Amino acid sequence: MTNPQMPETPPEPFDRDQRPIVAVFRAPLFNASETFVRAQATGLTRYQPLLIGREDKGNIPPALAGRVLLGPGVEQVRRFAPVLVHAHFGTDGLRALPLAERLGVPLITSLRGYDVTRSRSTLLLSGRLSWMHYALRRRALQRRGTLFLAVSEALRRQAIAGGYPAERMHTHYNGVDLALFPAGPGGPDTILFVGRLVEKKGVETLLQAFAIVRRERPGASLVIIGEGPLRSKLERLAGESVQFPGSLAPDEVAAWMRRSTVLAAPSVTARDGDAEGLPNVIVEAAASALPVVGTDHSGIPEAIVEGETGFIVPERDAEALAARLTAILGAPDLRGRMGADARAMAEQRFDFERQMRLLEEIYDEVRAGRCA
């Protein structure tokens, strides 16, 4: 395939940048919601990224323009001499496996949620070729992949139960840009949700909970940021005090966090088994000194300290969710204390720069053959 973005002579910065190259593999470059993949590629310091994919979705950051190969053959990739391939999601790990093996370099695959939690039968019945191929061939990836990174400890355990090798399965949190999500003053009686409008995000339960909240706090408002196939249905279920601003840029999301009272993260396990790894929005809220009420779901309890930075409630329990949201809305002192503790936790555990240093140390270990 002819690639208009990558001429035969490597452009800047490859012609002058001497850092070792990591081939970042993601078939769609990038889906709009995958800010975490873009951030990791942009945040490399001791390594430099070469993006490899099959489709430009129009979400490649300017900082990564000129670092893109679309639909390349092995020899096109080889001339850049990548030292390893880092694929995102198990489906793309399987796609990237032959490339890494023909290049003779290690393959790291980040597992992020559905690629672990959805059952084999669900993947086979999805109608998506990449998912069906993954369902049939994932054992090859599990046997031959060099290292696997789960975005939460809960997902790591589930991946091991699903056949991924424990000795090559590590946890690595995404991290959050503390400068992009600074602590804010908060706002009166504003509940915020950020995420794709799909079943596993639990927005229908949130709308039920919000109706309960409004009985005690009629001035409360709910802002639902995001797009997805359930938007029309959710808008029909929502009342007049619910806003749907759509999908927003990270700086706009950060601005909403600074003027909200609490973030709701009511994730659930979907009927087809789809589940979270660890929603990055929870970590972004913590950085913004915004308390979170989340569900006891996958990796969410790893980013909420119960009673200190927020609350954890059962999945699909609208009454429990409403009670905890109301408790924070009605107690400014509690909101302030939880927000301060959340920011401190984000600085200690989820700082993006620290997590990127850890990722590059993982790259070092893999290259040295010390990945277990």
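The values are calculated or read from the model by the stated rules, or taken from the named source; none is laboratory data. Every value quoted in this text rests on a predicted model; they were computed, and no experiment measured them. Cβ coordinates were reconstructed from backbone atoms using ideal geometry, including for glycine residues, and neighbour counts include every protein chain displayed.
Structure above, values below:
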{"item": "Evaluation of Ile300 against (1) farther than 20 Å from Arg196 by Cβ; (2) in contact with a strand residue (DSSP E or B) (Cβ under 7 Å, 6 or more places away or on another chain) (one fails), failing number", "result": "(1)"}
{"item": "Residue check for Leu136: part of a helix (DSSP H, G or I), among the hydrophobic types (A, V, I, L, M, F, W, C), in contact with a Lys or Arg (Cβ under 9 Å, 6 or more places away or on another chain) and in contact (Cβ under 8 Å) with a residue 12 or more places away in the chain", "result": "yes"}
{"item": "Among the candidates Gln142, Gln158, residue that is assigned by TED's automatic domain parsing to the domain that holds Leu359, under 26 Å from Val283 (Cα atoms), surrounded by fewer than 23 Cβ atoms within 10 Å (Cβ to Cβ) and out of contact with any strand residue (DSSP E or B) (no Cβ under 6 Å at 6 or more places or on another chain)", "result": "Gln158"}
{"item": "Close pairs from region 24-52: first on the phi < 0 side of the Ramachandran plot, partner of a type in the set (D, E, K, R) and part of a strand (DSSP E or B), Cβ under 7 Å, at least 6 apart", "result": "Ala27/Glu55; Pro28/Glu55; Leu29/Glu55; Leu29/Asp56"}
{"item": "Matching residues in region 335-372 - criterion: being of a type in the set (A, V, I, L, M) and within 13 Å of Gly175 (Cα to Cα)", "result": "Met345, Ala346, Met356, Leu358, Leu359"}
{"item": "Candidates Arg120, Arg95, Arg79 - the one that is basic (Lys, Arg), within 30 Å of Arg271 (Cα to Cα), surrounded by fewer than 24 Cβ atoms within 10 Å (Cβ to Cβ) and in contact (Cβ under 8 Å) with a residue 60 or more places away in the chain", "result": "Arg95"}
{"item": "Criterion (in the same structural domain as Ala322 (by TED's automatic domain parsing) and not hydrophobic (A, V, I, L, M, F, W, C)) met by exactly one of Pro185, Pro218", "result": "Pro218"}
{"item": "Test: residue in region 59-66 that is under 23 Å from Ile21 (Cβ atoms) and of a type in the set (S, T, N, Q)", "result": "yes"}
{"item": "Criterion: over 30 Å from Val366 (Cβ atoms) and crowded, with 17+ Cβ neighbours inside 10 Å - qualifying residue of Leu178, Leu237, Leu206", "result": "Leu206"}
{"item": "Search result, residues across region 21-37 that are among the hydroxyl-bearing types (Ser, Thr, Tyr) and buried (at least 24 other Cβ atoms within 10 Å of the Cβ)", "result": "none"}
{"item": "Selection count, region 170-191, where residues are more than 18 Å from the chain's Cα centre (by Cα) and in contact (Cβ under 8 Å) with a residue 60 or more places away in the chain", "result": "10"}
{"item": "Of all residues making up region 71-87, the number that are modelled with pLDDT of 95 or more and either under 14 Å from Leu29 (Cβ atoms) or not assigned by TED's automatic domain parsing to the domain that holds Gly104 (or both)", "result": "2"}
{"item": "Verdict on Ile304 being over 23 Å from Pro218 (Cβ atoms) and not assigned by TED's automatic domain parsing to the domain that holds Val194", "result": "no"}
{"item": "Test for Ser260: is it under 23 Å from Ala287 (Cβ atoms), assigned to a loop (DSSP other than H, G, I, E, B), touching a Leu at 6+ places or on another chain (Cβ under 6 Å) and not basic (Lys, Arg)", "result": "yes"}
{"item": "Selection status of Glu365, among the acidic types (Asp, Glu) and in contact with a Cys (Cβ under 7 Å, 6 or more places away or on another chain)", "result": "yes"}
{"item": "Unique match (being farther than 23 Å from Met169 by Cα, touching a Gly at 6+ places or on another chain (Cβ under 9 Å) and among the polar types (S, T, N, Q)) among Thr326, Thr309", "result": "Thr309"}
{"item": "Among (1) in contact with a helix residue (DSSP H, G or I) (Cβ under 7 Å, 6 or more places away or on another chain); (2) buried (at least 16 other Cβ atoms within 10 Å of the Cβ) - the single one Ser221 does not satisfy", "result": "(1)"}
{"item": "Hits in region 147-169 - residues which are within 15 Å of the chain's Cα centre (by Cα) and part of a loop (DSSP other than H, G, I, E, B)", "result": "Val151, Ser152"}
{"item": "Criterion: touching a Phe, Trp or Tyr at 6+ places or on another chain (Cβ under 7 Å), farther than 22 Å from Thr42 by Cα and not assigned by TED's automatic domain parsing to the domain that holds Leu124 - qualifying residue of Ala289, Ala264", "result": "Ala264"}
{"item": "In region 185-203, the residues that are assigned to a loop (DSSP other than H, G, I, E, B) and either surrounded by fewer than 19 Cβ atoms within 10 Å (Cβ to Cβ) or among the charged types (D, E, K, R) (or both)", "result": "Pro185, Gly187, Pro188, Asp189, Arg196, Val198"}
